[in-house]
Every structure is written in structure tokens, then in C-alpha cells.
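Q: Sharing a structure with you now.
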Amino acid sequence: MSHFAFDPPPIAALPVLGSDSLFPVGRIFCVGRNYDSHAREMGQANREPPFFFTKQPNALVAGGGAVPYPPLTADLHHEVELVVAIGPGGSIFGYGVGLDFTRRDLQAEMKKGGKPWDMTKSFDAAAPVSALRPAVEVPQVATGRITLTVNGLPRQEGDLSEMIWTVPEIIAELARYQPLAAGDLIFTGTPAGVGAVLPGDRLEGSVAGVGSLVVEITVAG
Ligand code: MN
């Protein structure tokens with residue numbers, strides 16, 4: 001009988017509010033430029049449809065907490081986002097609040113060179129996500145305030161109604177590329193106000209009716 005040569009990597013998982021079971025995370029998909037206000041601040045003048053990229057599940061920081069400042073950037077940006085969690089049969093299992101951390105300076109270089117973004121979006125602790133609120137407790141995500149404060153000061157503010165692709169549209173679009181599976185997380189894009197963080201900063205993201213997420217940027221170990 002075959003066996004693993006060493007212990008397999010741990011399965012990333014998220015707490016579920018009101019439950020002692022965990023949501024096991026398979027894949028992490030993200031939507032880029034899903035709010036006009038953020039597309040504009042990124043210099044995108046003409047309206048183009050949103051698009052997808054991915055993060056590795058080991059980028060997850062489950063429930064928030066410490067985020068060590070990553071290497072190879074001097075411009076780590078926050079992007080607060082509604083996160084959709086997919087359950088069995090392609091159903092929506094629940095929702096969370098996520099931070100799509102981005103090495104913005106490296107991303108600008110990659111864009112300029114026509115190179116892939118992967119290393120600017122997927123790295124250790126690049127994807128903190130709050131505990132999930134079960135979908136049955138969330139009547140709708142078509143509207144609702146989405147905000148981020150840094151050290152108590154407002155940085156990002158928007159409303160879910162400003163999303164270019166709505167949650168059902170995102171799911172339908174993404175499913176054209178591959179069937180969705182239980183365990184998938186989808187970051188749905190960020191409103192305007194993205195900016196840099198530094199070690200010592202305390203970030204609090206929130207989505208009305210879903211929850212909140214607190215992370216603290218720490219000095220790289
Ligand atoms: Mn994003």
C-alpha cells in the first residue's frame with residue numbers, strides 16, 4: 001500500500017459562525033476591477049469587464065490576526081472585499097469579509113512587462129478572511145456598506161450595490177471557466193480607497209450583514 005512520503009500540507013479552513021465545524025478551503029478565486037471607483041483609481045479610464053485571478057489556499061489567514069509584512073515589496077496594499085464561500089452542489093455556503101493584499105509596486109512592474117501577477121497577489125498571509133456567516137443568515141448581498149479602517153481612520157468605503165458583476169453574475173461567469181466546487185472561495189472585488197499599510201497598522205474591514213475582520217501588520221519574521 002502506498003503512503004505519503006511525509007505528512008501532507010495542512011488543509012486551509014475557515015471558522016463558521018454559530019458552528020463548531022470548519023469550512024475546508026479548496027481554491028481561491030478573485031475578481032479584478034469589479035467596482036468602477038477602484039477601476040478608475042487604478043487608471044482604467046475606459047470601462048472593461050472585470051476579470052479573474054487566483055490566490056493559493058495557503059495564503060489564507062483564517063479569521064484574521066497577524067499578517068507579517070511580506071518580502072519583495074515596499075508598497076503592500078489593502079483591498080477589502082466581500083468573500084463568497086461555495087458549498088456542496090454549487091450552493092452558496094456563506095459569506096465572509098476578506099482582504100486581498102497586493103504587492104502593488106511589483107504588480108506595476110509585472111503589468112508594464114506584460115508578465116503574470118501571481119507573485120504580487122498570492123503569498124503567505126495575502127488572503128485574510130473572517131469567519132463565514134452561513135448564507136441562511138444573510139438575506140441578500142445586493143446592497144450593504146463595505147468599509148475598511150486603518151488605525152481607526154476610514155480608508156475604503158463603498159456599497160455592494162456598486163459591484164459591476166453581481167454575486168450571481170460572478171458565479172455564472174466563473175463557472176464558464178471550470179465547474180465550481182465545494183470549498184471554493186471567491187473574492188468579489190474592492191471599492192475605491194486602496195492604499196499602503198506598514199508594520200504596526202491595525203486594519204478592520206466590515207461588510208454590513210456579514211461581519212468584520214481585524215488584522216494587524218507585523219514586522220517580517
Ligand atoms: Mn482585489
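The values are calculated or read from the model by the stated rules, or taken from the named source; none is laboratory data. Model, not experiment: these values are computed from the prediction. Neighbour counts are summed over all protein chains in view; Cβ atoms, including those assigned to glycine, are modelled from backbone coordinates with ideal geometry. Each accessible area value is taken on the protein alone, full model and side chains, heavy atoms only, with ligands, DNA and RNA left out. Shrake-Rupley method; radii C 1.70, N 1.55, O 1.52, S 1.80 Å.
Q: What ranking, highest mean first, results for peptides 22-35, 62-75 when packing means the other Cβ atoms within 10 Å averaged over each residue?
A: Output ranking for 22-35, 62-75: 22-35, 62-75.
Q: Spin-label point model (7 Å from Cα, Cβ direction): what's the Leu153 to Glu173 distance in nm?
A: With each label placed 7 Å out from Cα toward Cβ, I get 3.3 nm.
Q: Using packing as a proxy for protection, rank 207-213, 121-127 so that the peptide with the highest average count of other Cβ atoms within 10 Å comes first.
A: Highest-to-lowest ranking by the protection proxy: 121-127, 207-213.
Q: Is there a quick way to get the dipole size of the chain? I mean about its Cα centre, with the Cβ of Lys and Arg at +1 and of Asp and Glu at -1; what is the value in debye to the nearest 20?
A: Rounded to the nearest 20 debye, it is 360 debye.
Q: Calculate, axis by axis, the spread of Cα positions in the chain along the three principal axes, and write the results as whole Å, longest axis first.
A: Taking the Cα atoms of the chain, the three principal extents are 54, 41, 36 Å.
Q: Let me ask something additional. Run the numbers for Ala108 and Leu22: contour at 0.36 nm per residue of separation, minus the present Cα-Cα distance, in nm.
A: Stretched out fully, the Ala108 to Leu22 stretch lengthens by 27.3 nm.
Q: Would you mind getting the accessible area per residue of the chain, heavy atoms of the protein chains only, 1.4 Å probe, in Å²?
A: Per-residue accessible area for the chain comes out at 49 Å².
Q: Percent antiparallel among DSSP beta bridges with both residues in the chain, to the nearest 5?
A: Antiparallel: roughly 80 percent of the beta bridges in the chain.
Q: Let me know the shape class of the range 79-200, please: from the alpha-carbon gyration tensor, a ≥ b ≥ c as square roots of the eigenvalues, rounded when a/c is under 1.5, otherwise prolate if a/b is greater than b/c, or oblate.
A: It comes out oblate by the Cα gyration axes.
Q: Rank-order 5-14, 80-89 by packing density, defined as the average count of other C-beta atoms within 10 Å over each peptide's residues, highest first.
A: Going by the mean number of other Cβ atoms within 10 Å, highest first, we get 80-89, 5-14.
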